1. Got a number for carbon plus sulfur as a percent of segment 2-115's accessible area, 1.4 Å probe?
2. Excluding Thr90 itself, calculate the net charge of residues whose Cβ lies under 12 Å from the Cβ of Thr90, where each Lys or Arg counts +1 and each Asp or Glu counts -1.
3. Determine ³J(HN,Hα), in whole Hz, for all residues of segment 331-344 in sequence, where each value follows from phi through the Karplus function 6.51 cos²θ - 1.76 cosθ + 1.60 and θ = phi - 60°; x replaces Gly and Pro.
4. Determine which residues of segment 46-68 fall in the zone a paramagnetic label at Thr85 would reach in this model, i.e. backbone nitrogen under 15 Å from the point 7 Å along Cα→Cβ.
5. Using label points projected 7 Å from each Cα along Cα→Cβ, tell me how many nm separate Arg320 and Leu70, to one decimal.
6. With a sphere of radius 14 Å drawn around the Cβ of Pro352, what net charge do the other residues whose Cβ falls strictly inside it have (Lys, Arg +1; Asp, Glu -1)?
7. From the square roots a ≥ b ≥ c of the eigenvalues of the alpha-carbon gyration tensor of segment 36-114, which class results: rounded (a/c under 1.5), prolate (a/b over b/c), or oblate?
8. How much area per residue is accessible in segment 65-134 when the probe is 1.4 Å and only protein heavy atoms are counted (Å²)?
Amino acid sequence: MIEIGAQVELSHPAERVWRALTDRELLGRWFAEAEMVEGVPDRMLLRTAGLPGFQADVEVEVTERQEPDLFVLACDEAGRLSEVTCDVTTTTQGCRLEVREVTTHGGWSVEQQKPREQQLRQALTVRLPAILDWLAFQQVDLRRADGGMTAELPLIGVRGRAGRNPRRRRTLVAVVAGAVLLAGTAAWVTLPRDSKPVAAPAPTATASASPTATAGRATVASTATPSARPSRATASATTRPSRTPSAKPSLTPTSAAPPPPPAPVTARYETESDRLFGYTGEIVVGNPGGAPVADWAVVVTLAEGTTVDDVDGANWRQDRRVLTFTGAAVAAGGSQTISFDVRDSRPNAREPESCTIGGQPCAGL
């Protein structure tokens, strides 16, 4: 008996995930095209031939259904039999989906098992969240006045809502405009009455009381009042001592702090792919030195409202919005690639706020 599986945290309700698992059209968009078997409602044919890890199309029959928590399928792939179980668990952020496939007759070779599992993980962590995002986005009204939709979106199975009430729309615009006006008025009221800048106190002409301490500023102090203006001879006499080396110790090269040593390894960030409500980030850790580097860590601070679904290529830990990636030693002149999927609560996905390695910023961000 061979088992493969994958698990993903989704920021969507269990009912929406259940729909993506059971709707034939949606299933074809994130996993494989599906055809219903005529006259048999719980059977379908998945067009998986040609996908990584699959040798033929898969005949599927639903054996257990507990909406929206459990979905069990009996699969037949050219005589190789297996059972696929989909568990949906509600969480505070949405739900958790776990998919497991166990062989009941026959099995996969080592060459088949790894790409088959990678295909499943890719479908669950990238394509399925994208479909769920589109379903969620159907609830957002993108119409603005008479300009039509602001973007062309491939909406799935949505009924148009004709006859929108223009009076209601104008009322909503009026309410928003009123709120903005009240906010501006409140900000104006809270401003201080006298916004004129307070003039700085006039400098006194008592600088001559301590000529040794203020020798370098004698000319500035003497111009404070006309009555205290010294002659040119006096000014030159008082400013001449300030040109001695002892008066400028802070400008000597010995007082400058040494530059920080260069990081032994470098890192470059890139957004590999983005989608509605999320993106896939990639960090390449490079070692330009002549010896392997084992002690390295990449620290990434995510934007507010974003979470991590999956990480590949490194060990990682998370403290709120801060992610720390570590891994095996990077060979001299070599590199290591880290890939991570991020979910964003806003439609326009936001890149990480910062990325550092060894205290130095990552390139590309």
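The values are calculated or read from the model by the stated rules, or taken from the named source; none is laboratory data. All of these numbers come straight from a predicted model, not from anything done at the bench. Heads up, the Cβs are rebuilt from the backbone with ideal geometry, glycines too, and the neighbour counts pull from every protein chain shown. All accessible areas refer to the heavy atoms of the entire protein, side chains included, with ligands and DNA or RNA removed. Shrake-Rupley method; radii C 1.70, N 1.55, O 1.52, S 1.80 Å.
1. Details: 2740 of 5980 Å².
Roughly 46 percent, rounded to a whole number.
2. Numbers: positive: Arg16, Arg96; negative: Glu9, Glu15, Asp69, Asp87.
Its environment carries a net charge of -2.
3. Calculated HN-Hα couplings, in order: 5, 4, x, x, 8, 9, 9, 10, 10, 9, 9, 10, 9, 10 Hz.
4. 63-66
5. Going by the 7 Å Cα→Cβ label model, 4.0 nm.
6. Numbers: positive: Arg268, Arg320, Arg321, Arg343, Arg350; negative: Glu270, Glu272, Asp274, Glu282, Glu304, Asp341, Asp344, Glu351, Glu353.
With Lys, Arg at +1 and Asp, Glu at -1, the net is -4.
7. Numbers: a/c = 2.12, a/b = 1.33, b/c = 1.60.
Because a/c hits 1.5 or more and a/b fails to exceed b/c, segment 36-114 counts as oblate.
8. On the way: 3300 Å² over 70 residues.
Ligands and nucleic acids excluded, the figure is 47 Å² per residue.
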